[in-house]
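Here is the structure we will look at.
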């Protein structure tokens, strides 16, 4: 991933040096287990641990000759250790070390993302409480529907982020698995006890069964989980972009500059960036699913893909969560504009409340629905307050007296009617 969207410590987890360090960590854990089981001399294991040094440049030189990056790594280790280096990688296949090392990276990366998601969730909840009673128009199909509060909108995002945290934790459990089972998973050349000890040392669970690799449903699960998290960020970003539009203007990112040519512009640039980046994570998730089928016990069709999609997905998801946390933290909320937008519909947003009252007073539902629909259309077309049309309509006057009609349009009615259960909803998150 390009530096622009790469943040530490996540990006540091996916460097080439970090990958080689994980490979070395697995190989040394294997040597410890082999020595413990008496399968290699303990003195040799000690010398290997003392002398084994990464020399990535040398590994690259060897790889240029043999076209096998992991074997080049092993041979460079042998050179650094000397004679006892012959015990390195004893009974293993490349993916015993590579897949187990990748599981370490997945686990650590998911730990970072869980932290990111928790921070974003905390900010969403705090701002939801701040705007618990901030009334605004709710919109369905892009049209004015009925009042909600901005706090409820934020609380929906918070609740979704809580589910994402649970998904990330589940993905971490699925990914935290190692395998030291040999070339085709039969343990023909390595004792299963080696796998148990290595995984225990590394904080992983041994796979119940493997072939040459860990099965890629695990990796697909992780990347689809990241795609869902990215989808949540995109969902929030899209809503902020819509509420940011000049015609609505209910929120603002607060960026000082928005255009190189038009000084008046303040664009939702951060949210636009996040919307775009989410597409990368989503596309990578599809590639991870396509990586699940392999020929027989292993092939390399998924290897080249994973070298790109796994680091990029983790780095971008980390960026998405952290950047969105900043957007929500500093989001400017225009309460006055929210109130003004409520008035744009000339009272028609109360139509359902009046409809229900008419039904309670004895009017047939179909008649009440058609009547309030027609009066609402007239109010918008003629730019007249709905109250004037309702108050003058002879059919309505048969069921509602002037005091009852006035109540619907009295000061504070929207707050009383549409926020009466807000506390109940928020109490679910106490």
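Readers should treat all values here as calculations from the given coordinates under stated rules, not as data from a laboratory. Predicted model, so just to flag it, every value in this text is computed and none were measured. All Cβ positions, glycine included, derive from the backbone under ideal geometry; neighbour counts span all protein chains shown.
Quick notes on this structure:
- Residue 169 vs. criteria in contact with a helix residue (DSSP H, G or I) (Cβ under 8 Å, 6 or more places away or on another chain), in a helix (DSSP H, G or I) and surrounded by fewer than 17 Cβ atoms within 10 Å (Cβ to Cβ): yes
- Region 120-166, residues that are surrounded by fewer than 20 Cβ atoms within 10 Å (Cβ to Cβ) and within 30 Å of residue 216 (Cβ to Cβ): 160, 162, 163, 165, 166
- Screening residue 297 against (1) under 15 Å from residue 216 (Cα atoms); (2) touching a residue at least 40 places away in the same chain (Cβ under 8 Å); (3) assigned to a helix (DSSP H, G or I) leaves a single unmet condition, (3).
- Every residue from region 57-71 that is farther than 11 Å from residue 23 by Cβ and either assigned to a helix (DSSP H, G or I) or touching a helix residue (DSSP H, G or I) at 6+ places or on another chain (Cβ under 6 Å) (or both): 57, 58, 60, 61, 62, 63, 64, 65, 66, 71
- Positions within region 33-56 being assigned to a loop (DSSP other than H, G, I, E, B) and either without any contact (Cβ under 8 Å) to a residue 60 or more places away in the chain or within 14 Å of residue 21 (Cα to Cα) (or both), in sequence order: 38, 40, 41, 52, 53, 54, 55
- Tallying residues that are out of contact with any strand residue (DSSP E or B) (no Cβ under 9 Å at 6 or more places or on another chain) and part of a helix (DSSP H, G or I) within region 408-430 yields 8.
- Tally, over region 40-60, of residues that are exposed (fewer than 13 other Cβ atoms within 10 Å of the Cβ) and under 39 Å from the mean Cα position of the chain (by Cα): 2
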